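Working notes, beginning with the structure itself.
Readers should treat all values here as calculations from the given coordinates under stated rules, not as data from a laboratory. As the structure is a computational prediction, the values presented were derived from the model and not from experiment. Every residue, glycine as well, gets a Cβ built from its backbone with ideal geometry; the counts of neighbours run over all protein chains shown.
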Amino acid sequence: MSSQPRIVFDERGLTEIMRHPKVREALKARAEEIAQRARGIASAEIDDGFAGEIHVSEEIRPSGRPTAKVKATREDAADHEWGSTNTARRRVLGRAAGVTPQTGLPHRGDVPQ
């Protein structure tokens, strides 16, 4: 028989924990770190105007889960993130967050020529 205690998580208090001010502070702090990295990438690769349009927004979802999101609000933000016929794909927000896109297709820059 194991001498290790068995811990069973009780989800009843999860909503209350998620709404705790320290949890929300931690979410916002992490989002601010990502936003700062994104602003640096945007300044270096696009322009300072784009970097100035990167913001953190907080909200509480209908389920009660708090979120802190990093958003690029400039009109051409989606083009710079994902690429378009006239704009190179930069993935400013994705790279700043360390997110790898889930795709089976290689990025145009990854294809040997």
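Here is how the numbers come out for the structure above:
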{"quantity": "R0 of 30 Å, Cβ-Cβ distance ASP79-ARG24: FRET efficiency to nearest 0.05", "calculated": "0.40"}
{"quantity": "Cβ charges +1 (Lys, Arg) and -1 (Asp, Glu), total dipole of the stretch 1-76, debye", "calculated": "520"}
{"quantity": "0 to 90° range, to nearest 10: angle between helix 21-45 axis and the chain longest Cα axis", "calculated": "10"}
{"quantity": "Farthest positive-ward along the chain dipole, Cα basis, beta-carbon charges - from PHE9, SER63, ALA35", "calculated": "PHE9"}
{"quantity": "Residue-averaged 222 nm ellipticity for the chain, from DSSP H runs of 4+ at -39500 (n - 2.57), nearest 500", "calculated": "-11500 deg cm²/dmol"}
{"quantity": "Most to least packed among 11-24, 51-64 [average Cβ atoms within 10 Å]", "calculated": "51-64, 11-24"}
